[in-house]
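Every number in this text was worked out from the coordinates using simple rules, so none of it is lab data. Because the structure is a prediction, the values reported are computed rather than measured. Positions of Cβ are generated from backbone atoms using ideal geometry, with glycine treated the same way; all protein chains shown enter the neighbour counts.
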Amino acid sequence: MRITLTVNGARHDVDDVWEGESLLYALRERMGLPGSKNACEQGECGSCTVYLDGLPVCSCLVAAGQAQGREVTTVEGLADGERLHPVQQAFVECGAVQCGFCTPGLIVSTHDLLEHNARPSDPEIREALAGNLCRCTGYEKILDAVRTAARTLSAEQP
Amino acid sequence: MDFLAPTTWADALAAKAEHPDALPVAGGTDVMVEINFDHARPPALLDLTRLPVLREWARDGGRIRLGAGVTYARVIDELGATLPGLAMASRTVGSPQIRNRGTVGGNLGSASPAGDSHPALLAADTTVEVASVRGVRLLPIGEFFTGVKRSALAPDELIAAVLITPPSGPQQYCKIGTRNAMVIAVSAFGFALHPDRRGVGTGIGSAAPTPRRAPAAEEFLAGELEAAGLWDSRGALPDGLAREFGHRVRDAASPIDDVRGTAAYRLASLSVMARRAATWAWDAHRSAACGPSDEDPPVRMHP
């Protein structure tokens, strides 16, 4: 089937979508957007997290057909051209990346957290990122990056 | 595979009547796992996310009519004070991403013995509203679950809503798992005090082939509270009463050993959860200064 949706502000017409396939598969294999990662395929790991109509969701659990007419923002849509989003920049600066597989999902989840809570406490960060697993266990650096991004964004928007 | 995406409730019921084998999908948090892992290949998916009516909730007489497509995140944000037991259960579901998609109706549709919302729905005497082209049926929640991942839903029926009476007393929800997030319950327990009718509600999760109540435990605790005049006096629970209630809840379960835990652990944890839930709820009931307010709690409608 064909689906039409908006991804990172651009309209996509996607053909030959299998009715049972996930939005994640369509993004990666049919739209050339491999930033969202495919790991557990059961919503456990969060590495496929994208915004669907403004809410962070596991794209592996969204049927591609359910995204018909919807707006999707992936990790590729957060940067402003070559200029990284402050959340992305913070992950770079803090070394919050080891193998990098969980990073796109963590960045989307962190982006959403800081949209709603400019200065989250550590327990709030842990709660917000509870659906994103890092199996390199680089969580300390990830928490550093979230705190750093929160400071940067707060300084930008006093 | 077909992909059916009705945009009206009438069209959805017609589609289900025409394609009784179609698998309804809302948040996809169960259904898509089945498909991703090749465990399910239904002839059709019936997408329920284009039906605005399923995403609404409203006061209906004295009850809240919660559309089957309302997500856990919205139950928490919009109904946390009105349906505290269900909101507590919703907070234990998955992760933020899962709570943004998963729905109470979907939880019922999957009818897993481990469904997080089920013990809370059982304790609150929920009614399930199901519909088909043949009409609407109202099922007491206790009659909805018929076996492991089986329900009383007919092949042509869809879950429209659940009807829940806002509580007249405190509610509690407990869940055992290996971490706070992203766990299927090892065991779970929902509890409700119903001071208006001097009753007690219970719901057991992950410890029987279906979610189930513990009727003998409910009658025991309500009767003991009555006999001691505690419904009126709001006095302290007698020594050992909550513990005995816990034992009777445990005795209502029939768990199995599986990868998440042993039957013995499930029984022991249920006994503890039931004791704690009853104690916490009764303490909250005692400290509610002037009894339940006559005023309706404020209702917030979603935008």
Give the residue list of chymotrypsin sites (Phe, Trp or Tyr not before Pro) in the range B:1-87 that are DSSP loop and have at most 15 other beta-carbon atoms within 10 angstrom.
B:37
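Summing -39500 (n - 2.57) over the DSSP H runs of n ≥ 4 in chain A and dividing by its residue number, what mean residue ellipticity at 222 nm do you reach, to the nearest 500 deg cm²/dmol?
Counting only the DSSP helices, I get -9000 deg cm²/dmol.
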With a ≥ b ≥ c taken as the square roots of the eigenvalues of the C-alpha gyration tensor of chain B, please select rounded if a/c is under 1.5 and otherwise prolate if a/b is larger than b/c or oblate if it is not?
prolate
May I ask you to list the lysines whose Cα is less than 23 Å away from that of residue B:149, ignoring any residue fewer than eight positions away on the same chain?
B:16, B:175
5 Å is the cut-off here: which amide hydrogens, built 1.01 Å from N in the peptide plane, fall below it relative to residue B:2, excluding neighbours closer than 5 in sequence?
B:44, B:45
Could you tally the net charge around residue A:42, taking each other residue with its Cβ under 11 Å from the Cβ of residue A:42, Lys/Arg +1 and Asp/Glu -1?
-4
In degrees rounded to 10, the 0-90 angle between helix B:9-18 Cα long axis and the longest Cα principal axis of chain B is 70 degrees
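Could you compute the net charge surrounding residue B:20? Neighbours are other residues with a C-beta less than 10 Å from the C-beta of residue B:20; K and R count +1, D and E count -1.
Around residue B:20, the charge tally is -3.
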One point scatterer per Cα, no solvent, Debye formula: log10 I(q)/I(0) for the range B:183-231 at q = 0.31 Å⁻¹ comes out as -1.12
Starting from 0.36 nm per residue, how many nanometres of slack lie between residue B:63 and residue B:1 once their C-alpha separation is accounted for?
18.4 nm
For the range A:54-158, what does the alpha-carbon gyration tensor say about shape, rounded, prolate or oblate, given a ≥ b ≥ c as the root eigenvalues, a/c under 1.5 as rounded, and a/b over b/c as prolate?
prolate
First check a/c for the range B:6-55, with a ≥ b ≥ c the square roots of the eigenvalues of its C-alpha gyration tensor; if it is under 1.5, answer rounded, and if not, answer prolate when a/b is larger than b/c or oblate otherwise.
oblate
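Before anything else, pin down the relative contact order of chain B: Cα pairs under 8 Å, at least 6 apart, normalised by residue count, whole percent. Please report the intermediate quantities before stating the final value.
On the way: 654 pairs, mean separation 48.8, N = 303.
Computed value for chain B: 16 percent relative contact order.
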Taking only C-alpha pairs under 8 Å that are 6+ residues apart, what is the relative contact order of the range A:23-158 in percent?
26 percent
Go through the range B:130-135 residue by residue and turn each phi into a ³J(HN,Hα) via Karplus (6.51, -1.76, 1.60, θ = phi - 60°); whole Hz please, and just put x for glycine and proline.
10, 9, 8, 5, 7, x
For the range B:52-61, what does the Karplus curve 6.51 cos²θ - 1.76 cosθ + 1.60, with θ = phi - 60°, yield as ³J(HN,Hα) per residue in whole Hz, taken in order and with x for Gly and Pro?
x, 4, 6, 8, 9, 9, 7, 6, 10, x
Amide H of residue B:194 versus every other amide H placed in the peptide plane: which residues, excluding those fewer than 5 positions away on the same chain, fall under 5 Å?
B:199, B:200, B:201
If you fit an axis through the alpha-carbon atoms of helix B:263-287 and take the longest principal axis of the Cα set of chain B, what angle between them do you get, 0 to 90°, nearest 10?
70 degrees
Any aspartates and glutamates whose Cα falls less than 14 Å from that of residue A:141, other than same-chain ones fewer than 8 residues away, would be A:93, A:122
Return one number: the angle in degrees, 0 to 90 and rounded to the nearest 10, between the long axis of the Cα atoms of helix B:215-227 and the longest principal axis of the Cα atoms of chain B.
30 degrees
